[in-house]
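A short worksheet on the structure shown next.
The values are calculated or read from the model by the stated rules, or taken from the named source; none is laboratory data. If you're wondering where the values come from, they're calculated on a predicted model, not measured in any experiment. Methodologically, a virtual Cβ is constructed for each residue, glycine included, from the backbone with ideal geometry; neighbour enumeration extends over all protein chains shown.
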Amino acid sequence: MALDKDLDAFKDVQETKTVDATKKLRIGFIGCGWIAGSHIRSFKKQPDVEIVAGCDLIPGKAAAFFEKNGVEGVKTDYASHKEMLDDESLQLDAVTICTYNRQHAGPAIYALKKGINVLLEKPFTVTLDEAVEVCRAEKESGKLLSIGFQPRMDANMKMIKKIVESGELGRIYYIQTGGGRRQGIPFPFGTTFIEDETAGIGALGDIGCYSLDMVLNAIGYPKPLTVSGYKSAFFGKDPSYPPYVKAKHPEYAEKFGVDDFAAAFIRLEGGIILDFRIAWAMNLDTPGDTIIMGTKASLRIPSTECWNGSVGGPMTLYHNVCGEPTKTEIPIIPMKEDLFTLKVRTFLDAIKEGTEAPVPSSQILYNQAIIDGIAKSAAAGREIEIEIPEI
Ligand SMILES: NC(=O)c1ccc[n+]([C@@H]2O[C@H](COP(=O)([O-])OP(=O)(O)OC[C@H]3O[C@@H](n4cnc5c(N)ncnc54)[C@H](O)[C@@H]3O)[C@@H](O)[C@H]2O)c1
């Protein structure tokens with residue numbers, strides 16, 4: 001049985017808004033590496049944006065980045081994000097922070113304290129303490145902070161939330177989420193993802209944050225209470241891991257300082273159990289689809305081969321019709337616009353309209369609390385309570 005798609009229900013993300021380009025927002029880039037490329041392509045499409053500055057810790061990298069991306073007149077002669085943010089002549093409205101994980105909190109706090117709106121790449125931070133500090137800086141500043149979870153913009157992701165909120169599933173009591181890649185440690189373009197001093201967390205933060213967001217956002221981000229977590233790095237630390245050998249970089253095994261697999265059993269407020277597993281590398285195709293089990297129906301969301309937080313195919317609703325077990329397929333909704341562009345556009349609209357951040361830190365704080373809890377529980381070798389300080 002197939003459900004008809006109701007594309008009108010997703011007008012909010014499918015419709016192209018008319019943008020008032022009379023007032024331009026002045027944007028700066030912090031970090032000009034790989035993902036900044038996706039950001040600049042999306043910012044360049046916006047008629048109400050002027051990219052005025054950019055910085056990178058590596059001398060010359062910012063200037064080369066803007067030249068390569070065909071953006072002229074951008075000030076880049078800054079040795080650090082602080083120098084750029086201190087330059088009041090820039091009159092920045094917002095910055096996009098595209099630095100590696102360990103450099104998320106510092107630049108975000110500094111920018112917010114300067115009264116500048118922030119789009120911050122995921123994962124939010126490395127530790128819960130850092131996330132709390134960023135949230136406090138946001139609160140004090142009254143400025144907007146949005147976390148870069150572009151899968152949120154996907155109509156299919158919105159469909160999951162819509163199904164949950166409709167009550168179709170009844171009371172939700174158990175959720176399994178996660179995903180993984182068979183040989184997908186992200187190293188070929190450098191080692192900032194795999195070294196502890198730059199990344200701080202591995203698969204757990206990099207792609208685990210998406211899996212958590214997929215389900216937590218759907219169920220309204222209940223508070224996490226306890227966690228029993230595990231993490232390992234058998235593949236990342238192995239010089240004979242085939243992609244290292246193929247790339248002639250067996251020494252990356254020595255540099256590998258984060259996790260390549262994590263799993264956890266989490267209790268959420270409201271009596272919901274969350275069973276989670278995530279892998280950058282494993283001898284398996286997938287550690288399982290995402291499932292949301294309810295008293296009236298359950299939803300299966302297929303995983304993807306290269307886990308990146310997206311819906312891997314048509315979802316299936318398992319419910320009863322006239323008492324008979326029935327399966328209903330929910331087709332994939334095609335997106336008209338790419339998710340990065342929607343992530344940037346919704347951030348700019350929220351600044352201009354004074355509305356809530358598209359991906360608010362108050363929600364992602366709970367996501368980060370789980371990631372932090374998994375790391376702490378894994379280190380302690382037992383279940384721990386998750387304590388989230390007041391902001
Ligand atoms: N949303 C997504 O789909 C997505 C995809 C990939 C990466 N990311 C995230 O983006 C972030 C960056 O990833 P990447 O692949 O671009 O890494 P990268 O190493 O290619 O780029 C990061 C850049 O930031 C610079 N940098 C670090 N600290 C800085 C500071 N304080 N001031 C100025 N520059 C600084 C580095 O020198 C480097 O050039 C990571 O946190 C990652 O999780 C998100």
Item to complete: With respect to T304, determine if the residue is of a type in the set (S, T, N, Q), surrounded by fewer than 19 Cβ atoms within 10 Å (Cβ to Cβ) and not in a loop (DSSP other than H, G, I, E, B).
Response: no
Picking from I278, I194, the residue that is out of contact with any strand residue (DSSP E or B) (no Cβ under 7 Å at 6 or more places or on another chain) and within 25 Å of I364 (Cα to Cα) would be I194
Practice item. Report whether or not E251 is without any contact (Cβ under 8 Å) to a residue 40 or more places away in the chain and surrounded by fewer than 20 Cβ atoms within 10 Å (Cβ to Cβ). Key: yes
The condition of being within 24 Å of R152 (Cβ to Cβ), touching a Ser or Thr at 6+ places or on another chain (Cβ under 9 Å), within 16 Å of the ligand (Cβ to nearest atom) and small (G, A, S) holds, among G180, G200, G184, only for G200
Worksheet item: With respect to G170, is the statement that it is closer than 26 Å to R277 by Cβ, outside the structural domain of T346 (by TED's automatic domain parsing), of a type outside the set (V, I, T) and crowded, with 24+ Cβ neighbours inside 10 Å true?
Response: no
All-but-one check, T125 against (1) surrounded by 24 or more Cβ atoms within 10 Å (Cβ to Cβ); (2) under 30 Å from S298 (Cβ atoms); (3) within 13 Å of the ligand (Cβ to nearest atom), failing number (2)
Taking first residues from the stretch 146-157 that are in contact (Cβ under 8 Å) with a residue 12 or more places away in the chain and in a helix (DSSP H, G or I) and second residues anywhere that are within 11 Å of the ligand (Cβ to nearest atom) and among the hydroxyl-bearing types (S, T, Y), the pairs with Cβ under 6 Å that are 6 or more apart or on different chains are P151/Y210; P151/S310
Could you say whether any residue in the stretch 77-95 is in a loop (DSSP other than H, G, I, E, B), within 11 Å of the ligand (Cβ to nearest atom) and without any contact (Cβ under 8 Å) to a residue 12 or more places away in the chain? no
Taking the stretch 18-73 and the residues there that are of a type in the set (S, T, Y) and within 13 Å of the ligand (Cβ to nearest atom), the one that is farthest from S89 (Cα to Cα) would be S38
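Here is a yes/no grid of residues against (1) small (G, A, S); (2) over 18 Å from the mean Cα position of the chain (by Cα):
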| residue | (1), (2) |
| --- | --- |
| K162 | no, yes |
| G167 | yes, yes |
| I175 | no, yes |
| G178 | yes, no |
| R181 | no, no |
| G184 | yes, no |
| F189 | no, yes |
| T192 | no, no |
| A199 | yes, no |
Next on the checklist: Within the stretch 329-343, does at least one residue satisfy the condition of being assigned to a strand (DSSP E or B), in contact (Cβ under 8 Å) with a residue 60 or more places away in the chain and exposed (fewer than 15 other Cβ atoms within 10 Å of the Cβ)?
Outcome noted: yes
